[in-house]
Amino acid sequence: MQSLWQDVRFSVRTLLKKPGFALIAIFTLALGIGANSAIFSVINSVLLRPLPYKEPERLALVQQSMPKLGFYYGGVSAPELLDYIAENKTFTEMAGYGTISLNLTGDTHPLRLQAARVSANLFSMLGVSPLLGRSFSTEEAAANASSVVILSEKLWQTQFAGDPKIIGRTIRLDERPYTVVGVMPSQLHFPPTGTAFADAVELWTPLALTEDEKQARRRDSNFNLIGRLKPGVPIEQAQADVESIAAHIEQQHPDIYQGTIRITANAVGLADRMAQGVRRLLWVLLGAVGLVLLIACANVANLLLARAASRRKEIAIRSALGAGRARIVRQLLTESLLLALVAGVVGALLAWWVTDLIARFGPEDVPRLAETRLDGRVLAFTLLVSTLTGVLFGLVPAWQSARINLTTALKESARNSSGEGTRLRAVLVALEMALAVVLLIGAGLLINGFVRLMHVSPGFNPEGVVVARTTLPATRYPDIERGKAVYRQALNRIAALPGVQSVSVASNLPLTDEWQIGFRVEGGDENAFYTAHGSFISNDYFRAMGIPLMKGRGFTDDDRPDGVPVIVVNETMARRFWPGQEAIGKRIRWGGWNPQGWLTIVGVATDVKLSSLEAESEPTVYMPTFQISRLRREALFIARTSADPSDLATALRREINAVDADLPVYDIRTMNEVVADSVAQRRFTMWLLTGFAAAALLLAAIGLYGVISYSVAQRTQEIGIRMALGAQTGNVVRQIVAQGMKLALVGLWSGLIAAFALTRLMTNLLYGVSATDPLTFAGIAILLSGVALLACWVPARRAAKVDPMIALRYE
């Protein structure tokens, strides 16, 4: 221990004698270590950290699909929910839940809240106890009109000022009084939100099924299931169990589950389901920052090799005085580890800053990203990486320095002796270039794909369009026509605003909402049912959204409830169901509207991207909201203006509240913002990987520059002699540049080969571009060649300007 302490003290003194070298090495390593710690902190939060529930590994979701309709990972109806709960053999208990939105009115301005109806046993099954009050009782969950509510800690703090007397207080939700019985701690984020446009659940009510819901076996699939596996039961056994239940449900109700309406089910771990969309993305990013760290290590190893040459006599003297090779290696490794540990501290500070930025500005559709922080596991990872880094970049230089011939080393000048290790430094530089190529090609592919994606037409014109949402509670508007009267009044008031060119109300918004309907085609098999995206819209919708009508017409005031039911479909639906025919005049039947009659197609609109810009267009049915005998209570007002759309936001809120002051107006955005938000995750990935690639390029260029500069310094006398003998400046420059470019080209070709193999792991992250896109590979090769040429040319020019007389006296 005493000798180790001596090594540490000697290392500190040695490094303090060369503060420039120490600072460069520390900050180079800190960049790599900090980047790795930051990305690992995200992985730790999203993938590794257990969910904040009791034995979370035993929690699993049950999801139902209709594969013949192309419908996967869906919910279940209320009767199906009860069937799975009653018949399962692999879960100790199960709970159902469904999300809804409720309007909070009363003491404050109207507020729309995301809520969940949950089984009474949900919280106890998750192992989460209320912060205040109690959970729901079995009696409350069984009642048809239970009026109790549990608040989230966030809602309690923000809307009720953390009132400790909140328990027992009555609040108004959708015009009904609810009694607050509990407050849940902030650790509870259930149900998890699945998209960037879904708000976190802020309150919970009992899942008190109505008689109508209990009879709606296939009308609505608005519920979800979660269960706790029995001890020792693997997820595969639960999968077989729920598949068996789905088959039994079909056998029990052959009149419903027939033709294309066939169901299957699957069980998936809750944590796996939450992270399945981002798992590969995060591991790719960790691999990228790992390459940055390797480049940083190669750079510092090069610095140590160059520094070892100047310490050759020092090490030789220590050997002559009795220090063994192992003792010298230990001393030099101690210096490397000291550098790495200090760099680890700086890297942790850098990671703390980067992690905060990622948590604050990262995409909302990455689950648990907001929880990202530097905890004990991340700090342990940072320490481990720092230690391994110190060994990685220090071991080879230390071993190289310890392998010396005492007689030769004591006689050699520092200039001559420093030639050893040149080949190793060249190998390290080539390795840096190769790793930089891999990162730059990965970033180039993402940028290429993102640019292509942003040139994809969404099917509508987002310029000058503003949207705002509101929700009409059933208790306030039990009559359908009264709700539609609110739509008409609000539309008239918004249309009268200065600059507004067209205005519409709709039930769904492209790139944010998805709602599917099941239908049958006239003239087809009676048992053949299909699905399409559905949307209720008012007359001017296509004009307000900038969606071209390819054939036929849109909706007009003549499309009244007592008239012929009409619809507009998109091009994909027309092509799929009536190929080579005229879709105008064709009919379909949807049970949600005119179940005994037919809906006639009067128009065909261009395809619109509904779920994402990269997804293929799906069949879509547009229905006239003022003709259909139903009311979608979540209304979306769309206004196209010739003025600045951001100036219209306040006016939209004002005009809707002028019709009903108790309606919440929320999610006011321009359509350009909607489009930008839909690609937030891709943009996030692209910028992160581009930043890492830029750092890699900078480090590789610095490494190449350093090696060439060092070589020039060692050859100063040789260059002086050649110039004194008549060598031209151009010849000297070309020779030095050629030396450096050989290293760069070796690294470049090695990197291209490695990238060709590794970029296939990014296939799911790309759009419209192959993982081996030749233009991207060629572009990056040209870029790297240019940077390498510049890194070689600068020291070459400096060498060519050396005065031969000064060079001849150089030692």
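The values are calculated or read from the model by the stated rules, or taken from the named source; none is laboratory data. Since we're looking at a predicted model, the values are computed, not measured. Positions of Cβ are generated from backbone atoms using ideal geometry, with glycine treated the same way; all protein chains shown enter the neighbour counts. The protein model used for the area step is the full one, side chains on, heavy atoms only, and it has no ligands, DNA or RNA in it. Shrake-Rupley method; radii C 1.70, N 1.55, O 1.52, S 1.80 Å.
Tabulated data
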read-out	value
Set 255, 272: member being without any contact (Cβ under 8 Å) to a residue 12 or more places away in the chain, over 26 Å from residue 90 (Cβ atoms) and open to solvent by 50 Å² or more (accessible area, probe 1.4 Å)	255
Meets criteria (modelled with pLDDT of 90 or more, closer than 30 Å to residue 685 by Cβ and either of a type in the set (Gly, Ala, Ser) or buried (at least 16 other Cβ atoms within 10 Å of the Cβ) (or both)) for residue 245	no
Scope segment 98-110; condition modelled with pLDDT under 90, over 30 Å from residue 80 (Cβ atoms) and crowded, with 17+ Cβ neighbours inside 10 Å; matching residues	105, 110
Strands (runs of 3 or more DSSP E) contained entirely in segment 514-562, each with at least 1 residues that are more than 30 Å from residue 501 (Cβ to Cβ), open to solvent by 10 Å² or more (accessible area, probe 1.4 Å) and at pLDDT 90 or above	516-521
Residues of segment 171-188 satisfying the condition of being buried (at least 19 other Cβ atoms within 10 Å of the Cβ) and either hydroxyl-bearing (Ser, Thr, Tyr) or at pLDDT below 90 (or both)	174, 178, 188
Condition met for residue 175 (free of Cβ contacts under 8 Å to residues at least 12 places away in the same chain, under 25 Å from residue 213 (Cβ atoms) and more than 35 Å from the chain's Cα centre (by Cα))	no
Qualifying position, being part of a helix (DSSP H, G or I), on the phi < 0 side of the Ramachandran plot and modelled with pLDDT under 85, among 357, 333	333
Residues of segment 746-778 that turn out to be over 27 Å from the mean Cα position of the chain (by Cα) and in contact (Cβ under 8 Å) with a residue 12 or more places away in the chain, as a count	6
Of all residues in segment 657-674 being aliphatic (A, V, I, L, M) and out of contact with any Lys or Arg (no Cβ under 8 Å at 6 or more places or on another chain), the one that is nearest to residue 461 (Cα to Cα)	671
Which numbered condition residue 643 fails, given (1) farther than 15 Å from residue 509 by Cβ; (2) crowded, with 21+ Cβ neighbours inside 10 Å	(2)
Selection from segment 588-624 of residues that are in contact with a strand residue (DSSP E or B) (Cβ under 7 Å, 6 or more places away or on another chain), of a type in the set (A, V, I, L, M, F, W, C) and surrounded by fewer than 18 Cβ atoms within 10 Å (Cβ to Cβ)	598
Residue check for residue 168: part of a loop (DSSP other than H, G, I, E, B), at pLDDT 90 or above, more than 30 Å from residue 271 (Cβ to Cβ) and open to solvent by 40 Å² or more (accessible area, probe 1.4 Å)	yes
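Residue by residue, here is whether (1) surrounded by fewer than 19 Cβ atoms within 10 Å (Cβ to Cβ); (2) within 27 Å of residue 24 (Cα to Cα); (3) modelled with pLDDT under 80 holds:
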residue	(1), (2), (3)
328	no, yes, yes
365	no, no, yes
377	yes, no, no
388	yes, yes, no
394	no, yes, yes
399	yes, yes, yes
406	yes, no, yes
410	yes, no, yes
413	yes, yes, yes
